[in-house]
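K.L.:
Attaching a single structure in C-alpha cells format; questions to follow.
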Amino acid sequence: MREPAVYILATKPYGTLYVGVTSDLVKRIWQHRNDAVEGFTRQHGVYHLVHFEQFRSMVEAIEREKELKKWRRAWKIALVEESNPDWRDLWPEISQ
C-alpha cells in the first residue's frame, strides 16, 4: 500500500484525534503503533487507525492533510463515522 495517504488516528471512539500524511501508510502506522515516532501520538497514546484516504500524488495528500487539520473536531468525527461508524481499528485490514 505504498501510495500517498492522509490518515486519522484515535485513542478510542470520540477520543483524541491525530491527522497525518505519509507516502507509505503501512510503514507509518506501524511506526506509530510501535512508538518509533516521537511526538504527539506517542505522548497521547494515539494508535488506532480509524480513517484513511489515498491519493495519486504526495502534493494532493499534503493539500488534503492541511485541509483536514483546519477542520473542526466535529467535522473530523463526522468524516470518520461516515466510513467507519463503529470506529474499528483499520490496521488489520491494511497490514495484511
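Just so it is clear, none of the values below were taken in a lab; they were calculated from the coordinates. Since the model is a prediction, treat every value here as computed from it, not as a measurement. Because the Cβ atoms are built from the backbone with ideal geometry, glycine has one as well, and the counts that use them run over all protein chains shown.
K.L.:
Return only the number of the condition from (1) of a type outside the set (Gly, Ala, Ser); (2) farther than 20 Å from residue 92 by Cα; (3) buried (at least 18 other Cβ atoms within 10 Å of the Cβ) that residue 59 does not satisfy.
P.N.:
Result: residue 59 passes all but (3).
K.L.:
Moving on to the next point. Where residues in segment 8-48 are of a type in the set (A, V, I, L, M) and without any contact (Cβ under 8 Å) to a residue 40 or more places away in the chain, which of them is surrounded by the most Cβ atoms within 10 Å (Cβ to Cβ)?
P.N.:
46
K.L.:
Do we find that residue 51 is buried (at least 18 other Cβ atoms within 10 Å of the Cβ), within 13 Å of the chain's Cα centre (by Cα), at negative phi and in contact (Cβ under 8 Å) with a residue 24 or more places away in the chain in this structure?
P.N.:
yes
K.L.:
Could I ask something else about it? How about segment 69-85: which of its residues are closer than 17 Å to residue 48 by Cβ and either in contact (Cβ under 8 Å) with a residue 40 or more places away in the chain or polar (S, T, N, Q) (or both)?
P.N.:
Within segment 69-85, 73, 76, 77, 79, 80, 83, 84 qualify.
K.L.:
Residues of segment 1-22 being among the hydroxyl-bearing types (Ser, Thr, Tyr) and under 14 Å from residue 94 (Cβ atoms), which ones?
P.N.:
7, 22
K.L.:
Looking at (1) exposed (fewer than 14 other Cβ atoms within 10 Å of the Cβ); (2) aliphatic (A, V, I, L, M); (3) touching a Leu at 6+ places or on another chain (Cβ under 8 Å), which is the only condition residue 68 fails?
P.N.:
So residue 68 meets the others, but not (1).
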